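Presented below is the structure to which this report refers.
The values are calculated or read from the model by the stated rules, or taken from the named source; none is laboratory data. Predicted model only: the values in this text are computed from it and were never measured. Cβ: placed from backbone, ideal geometry, glycine included. Neighbour counts: every protein chain shown. Just the protein is used for accessible areas: all its heavy atoms, side chains included, with ligands, DNA and RNA removed. Shrake-Rupley method; radii C 1.70, N 1.55, O 1.52, S 1.80 Å.
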Amino acid sequence: MCGIVGYIGYKQAASFLLDGMSKLEYRGYDSAGVAVMENGRIRVDKCVGRLDALRQKLAGRMPVGTMGIGHTRWATHGRPSDRNAHPHTDPSGNFVVVHNGIIENYLSIKEELLAKGHCFLSETDTEVVAHLMADLYDGDFESTVKKVLQRIKGSYSLVFMCQMEPDKIICTKKDNPLIIGLGEGENYIASDIPAIINETRRTFIMSDGEIATVTADSVWVQDINGVPISKKVFEVSWNAEAAEKGGFEHFMLKEIYEQPKSMRDTMTGRVDAEALCIKFPELNWSPEEMAAVDRIFIVACGTAYHAGIVGKYYLEQLAKVPVEVDIASEFRYRHPLVDGNSLCIVISQSGETSDTLAALREAKRLGARTLAVTNVVGSSIARDADQVVYTYAGPEIAVASTKAYTTQLLAMLMFAIYIGRLRESLPEEKAKELVKGLTLIPEQIHQMLENVDQIKVFARKYGSCEDAFFIGRSLDYAVALEGALKLKEISYIHAEAYAAGELKHGTLALIVEGVPVIVLATQEDVYDKTVSNLQEVKAREAVVIAMGFVGDENLAKYADHVIYIPRTGKYLAPLLAVLPLQLLAYYAALTRGCDVDKPRNLAKSVTVE
Ligand code: M6R
């Protein structure tokens, strides 16, 4: 899950490369490097650390040249170090490559090259590709790339330069994203659009197996057999500002505040506020096909998995279809009983998560219909699934997912209402009531974000604790899982979520004086039981922060503090209840001086298994 950029044109490459890489640091950020064709020779500069370390290294001695490639790394093979940083070259320095992904058979190729006398400087799989280029070089850059592709196995986006042909960059991909940006007399390569939108909006997405030869004036795409491929160019509709912080201190905070808009955008064209019904014009499954579905599998990772758990409640209770929710990395290995009557829904913000993509492919192989819920148009998951429901959250840059999560919940709720009506398992009046409630959500979120002082106080007061617990029942439990993940991910506070009734089966032993316990109490059918669980932790002298609806005076009798959220229905409550938890995590991380947008050891897009 590294970030890749490339430039060829008439401007100084290094300045674009550094700028573009800064927009991709979310893809990985333990080392960075650039290679620039300088006076006919490939010059490589790279070092361990964030991009700023590379900037400092280059200060006063920027590479001079109008063609180059750059990389921000998230280590897979070999620890973060200067040597393991990309770009990598062959021993002669004739070939240079940057890579995102994993070359699975690199060890056997390395052994073969070692036997031929090659010496390697790094522990990476990528360096092997550069050496293989040199080993297989037949006097033609393009044909050598093809030969290399015939040898390597695994997943990759690869971008090459060759000193003997200093007028072109060649790139290719398999199971990892790569896009081309088109300019006038200049062209761009990147692993994601934010890297290039300051320069051009005209772009196309590379597909697996395609090889692009990029010069300043042309882009030629072909397959490995030399068959030309014509690509559909599109204009990126969001602007550079949408990928910037827009005055907020961090991307995460900006993205939290964007939720009213992302909710409205995701409802547009789907929520009919007059007829109070849900439409999915993009889906073309017939009611008969939907009626034939007898089981739904929801598969995802991390926050998207938590959205899937909420989705299970929605689909089972509103559409009356049995649902199983799986962590994507487990799905394939438990041999799920998927068949032609199954629908597999994969949820992924990035649409590139390797485990989720693999699970999707497995579900397809087993004959299931597949649906992707994703935020990234044209992503691998979007392209592989039979049908796609896009969440329109806009680019999410912070590693901690916020607005993507709430749009995923929204998409799952809309889908459950839609399927419930198609299968006639959800009465029309009930559906109307839900849709009416949905239309109020963006404004309710907006109101909640107007007043966050109470959360800041809690974060300051309890931000120094080392453990925290989140409990709730039913949908509150699903939201508690996400609250705990947010807190541990960015503040490094050890946080656990428990189904409130489960606490006394072991974990209650950890509840001692002063430990913060966040109790979610928005689900009316289990409210009394949740309040009993609240009292159990209070009896152990925990600090209880309860969350309930405005007007609930009962909670204040037992809790130390109460967070009130606007009143809404039980299915809609998760869309609001998660907000204070996102903010609590954000301000706690700030209190502790953490790097909010780039938490340690994590990357935004997890494209390795
Ligand atoms: O792009 P995806 O939605 O597939 O990503 C899945 C997880 O890696 C992601 O949600 C992760 O858990 C977030 N960093 C959590 O904030």
Would you confirm whether any residue within the stretch 133-143 is on the phi > 0 side of the Ramachandran plot and either without any contact (Cβ under 8 Å) to a residue 40 or more places away in the chain or more than 23 Å from the chain's Cα centre (by Cα) (or both)? yes
When you go through LEU583, LEU602 one by one, which is the residue that is within 25 Å of the chain's Cα centre (by Cα) and either more than 16 Å from the ligand (Cβ to nearest atom) or modelled with pLDDT under 95 (or both)? LEU602
Taking ALA291 as the residue in question, decide whether it is open to solvent by 20 Å² or more (accessible area, probe 1.4 Å), in contact (Cβ under 8 Å) with a residue 24 or more places away in the chain and farther than 30 Å from ASP326 by Cβ. no
Step by step: first the residues of the stretch 438-466, then only those that are of a type in the set (Gly, Ala, Ser) and open to solvent by less than 10 Å² (accessible area, probe 1.4 Å), then the one that is nearest to ASP272 (Cα to Cα). Which residue is that? ALA459
Against the definition (within 13 Å of the chain's Cα centre (by Cα), open to solvent by 30 Å² or more (accessible area, probe 1.4 Å) and at pLDDT below 95), how does VAL399 come out, yes or no? no
Selection status of LYS320, more than 10 Å from the ligand (Cβ to nearest atom), within 18 Å of ALA478 (Cβ to Cβ) and modelled with pLDDT of 95 or more: no
Scan GLU249, GLU258, GLU288 and give me the residue that is among the acidic types (Asp, Glu) and more than 29 Å from ALA398 (Cβ to Cβ). GLU288
Has the stretch 137-153 got at least one residue that is modelled with pLDDT under 95 and open to solvent by 10 Å² or more (accessible area, probe 1.4 Å)? yes
Residues in the stretch 359-376 that are closer than 23 Å to SER157 by Cβ and open to solvent by 10 Å² or more (accessible area, probe 1.4 Å): how many? 5
Looking at the stretch 165-185, which of its residues are touching a Gly at 6+ places or on another chain (Cβ under 8 Å), farther than 16 Å from VAL36 by Cβ and not in a strand (DSSP E or B)? ASN176, GLY183, GLY185
Please give the number of the condition LEU114 fails out of (1) assigned to a strand (DSSP E or B); (2) more than 22 Å from THR215 (Cα to Cα). (1)
Restricting the first residue to the stretch 189-203 and requiring it to be modelled with pLDDT of 90 or more, which pairs with a second residue that is surrounded by fewer than 20 Cβ atoms within 10 Å (Cβ to Cβ) and in a strand (DSSP E or B) meet a Cβ separation below 8 Å and a spacing of at least six or different chains? THR200/LEU182; ARG201/GLU235; ARG202/LEU182; ARG202/PHE234; ARG202/GLU235; THR203/LEU182; THR203/PHE234; THR203/GLU235
For THR72, are the conditions met, namely being touching a residue at least 40 places away in the same chain (Cβ under 8 Å), under 20 Å from the mean Cα position of the chain (by Cα) and open to solvent by less than 10 Å² (accessible area, probe 1.4 Å)? yes
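Rundown of residues vs (1) in contact with a strand residue (DSSP E or B) (Cβ under 8 Å, 6 or more places away or on another chain); (2) over 30 Å from TYR156 (Cβ atoms), yes/no style:
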| residue | (1), (2) |
| --- | --- |
| ILE327 | yes, no |
| LEU343 | yes, yes |
| GLN349 | yes, no |
| GLU352 | no, no |
| LEU357 | yes, no |
| GLY378 | yes, no |
| ALA411 | yes, yes |
Would you confirm, using the coordinates I've provided, whether ALA382 is closer than 26 Å to PHE234 by Cα, surrounded by 19 or more Cβ atoms within 10 Å (Cβ to Cβ) and not assigned by TED's automatic domain parsing to the domain that holds LYS570? yes
Which fully enclosed helices (runs of 4 or more DSSP H) of the stretch 349-435 have 1 or more residues being within 22 Å of GLU274 (Cα to Cα) and within 15 Å of the ligand (Cβ to nearest atom)? 403-422
Just the residues that are touching a Ser or Thr at 6+ places or on another chain (Cβ under 9 Å), open to solvent by 50 Å² or more (accessible area, probe 1.4 Å) and under 15 Å from ALA368 (Cα atoms), please, taken from the stretch 294-343. ASP294, ARG295
Is it the case that some residue within the stretch 330-337 is within 16 Å of the ligand (Cβ to nearest atom), hydrophobic (A, V, I, L, M, F, W, C) and not in a helix (DSSP H, G or I)? no
Is it true that ALA291 is at pLDDT 95 or above, under 30 Å from LEU318 (Cα atoms), of a type in the set (A, V, I, L, M) and assigned by TED's automatic domain parsing to the domain that holds GLN408? no
Do any helices (runs of 4 or more DSSP H) entirely within the stretch 492-592 hold 3 or more residues that are surrounded by 23 or more Cβ atoms within 10 Å (Cβ to Cβ), and if so, which? 527-539, 573-591
Just one of the numbered conditions (1) at pLDDT 95 or above; (2) open to solvent by 60 Å² or more (accessible area, probe 1.4 Å) is not true of GLU241; which one? (1)
